[in-house]
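A short write-up of the structure that comes next.
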Amino acid sequence: AGRYKALDRETGEEVWSSSRELEYAHLSPDGAWLATSQNSPNEDLLLLKLDGSMVRQLTNDRAIDRWPRYSPDGTRVAFFSNRSGRAQIWEIHTDGSGLRHLPLDGHDLCYPVYSPDGARLVGTDENGSTWRFDTSSRSIV
């Protein structure tokens, strides 16, 4: 957690900074955005445009939302959240629409990672076991 800055590549000048408590940052595939979780006032997800021109809040609720990870095509963000009553993997479009739950009954599931083609999501349960989901059917594979 800490302060983030975006610097101009050529001049080294600061073009954007945040004093928010940010964690779990992940760079978009095109390098233009940073997906992150803020600690205060709630643990919500933000997208920060690195040129400093925009902050987009993806979630805004009492749930704990952590570990955002971009899909390979940059259109979706996977994360884990307790919004269903236990830690589970969720997915949301980068415009904030299309919130989807990828349920695994009876287990907490964290740390989502997309396959290189975006067709699968992998997560780890509380016992260290790995689970794979098909992102279109939301089923375990």
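The values are calculated or read from the model by the stated rules, or taken from the named source; none is laboratory data. Note that this is a predicted model, so its numbers are computed, not measured. Counting neighbours? That spans all protein chains shown, and the Cβs are built from the backbone with ideal geometry, glycine included. The protein model used for the area step is the full one, side chains on, heavy atoms only, and it has no ligands, DNA or RNA in it. Shrake-Rupley method; radii C 1.70, N 1.55, O 1.52, S 1.80 Å.
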Quiz item: With every protein chain in place, what's the accessible area of residue 80 (1.4 Å probe, Å², nearest 10)?
Solution: 20 Å²
Exercise. Work out how much length residue 30 to residue 115 would gain on full extension: take 0.36 nm times their residue separation and subtract the Cα-Cα distance, in nm to one decimal.
Key: 28.9 nm
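Give me the Kirkwood hydrodynamic radius of region 84-141 in Å, from all C-alpha pairs, to one decimal place?
Numbers: mean 1/r = 0.0857 Å⁻¹.
It is 11.7 Å.
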Quiz prompt | Fraction of alpha-carbon pairs over 28 Å apart in the chain - percent | solution = 18 percent
Quiz item: R0 = 35 Å: FRET efficiency of residue 75 with residue 39, Cβ-based, nearest 0.05?
Solution: 0.85
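In nm, what is the difference between 0.36 nm times the number of residues separating residue 105 and residue 62 and their Cα-Cα distance? Don't jump to the answer; show the numbers that get you there.
Details: separation 43, 0.36 × 43 = 15.48 nm, distance 2.18 nm.
Length gained, residue 105 through residue 62: 13.3 nm.
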Quiz prompt | Positive-end residue of 33, 53, 71, charge dipole of the chain with Cβ unit charges | solution = 71
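With r as the distance between the Cβ atoms of residue 13 and residue 54 and R0 = 22 Å, compute the FRET efficiency 1/(1 + (r/R0)^6) and round to 0.05. Please report the intermediate quantities before stating the final value.
On the way: r = 19 Å, r/R0 = 0.85.
E(calc), rounded to 0.05, equals 0.75.
Please report the relative contact order for region 14-127, taking Cα pairs under 8 Å with a sequence separation of at least 6, and give it as a percent rounded to a whole number. Don't skip to the answer; put the middle values down first.
On the way: 274 pairs, mean separation 19.5, N = 114.
Dividing the mean separation by the residue count of region 14-127 yields 17 percent.
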Practice problem: For region 61-136, give the percent of accessible area contributed by carbon and sulfur heavy atoms, probe 1.4 Å, rounded to a whole number. | Solution: 48 percent
Practice problem: Would you check the accessible area of residue 27, probe 1.4 Å, heavy atoms only, in square angstrom rounded to 10? | Solution: 90 Å²
